[in-house]
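See below for the structure under consideration.
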């Protein structure tokens, strides 16, 4: 079993992460990281040979409706609501530096 994380290890990682930790923080984080690593060792020791890997713990179902064609809007009614229309299409301001 590997040794628990040391205070020097925590200080080294803090330096790599450009963190300035106080002495109290170093002690607290050494204890907390040690507890996390112990838990990881417990999980690594589990026999998971018969466990089926999952991408998600719950079954997922498609929540979208079927894509079926329906009644279309009347073109003339829609264009009548537009601020400007021309040749059966919406008229929009010119773009890309074109003159109006």
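Each reported figure results from applying straightforward, stated rules to the coordinates on display, with no laboratory input. These numbers were taken from a predicted model, which means no experiment stands behind them. So basically every Cβ, Gly included, is an ideal-geometry build from the backbone, and we count neighbours across all protein chains shown.
Determine whether segment 62-71 contains at least one residue that is over 31 Å from the mean Cα position of the chain (by Cα), outside any helix (DSSP H, G or I) and surrounded by 10 or more Cβ atoms within 10 Å (Cβ to Cβ).
Within segment 62-71, not a single residue is over 31 Å from the mean Cα position of the chain (by Cα), outside any helix (DSSP H, G or I) and surrounded by 10 or more Cβ atoms within 10 Å (Cβ to Cβ).
What are the residue pairs meeting all of these: first residue in segment 66-92, first residue in contact (Cβ under 8 Å) with a residue 12 or more places away in the chain and at positive phi, second residue surrounded by fewer than 10 Cβ atoms within 10 Å (Cβ to Cβ) and assigned to a helix (DSSP H, G or I), Cβ atoms under 9 Å, and 6 or more apart or on different chains?
88/76
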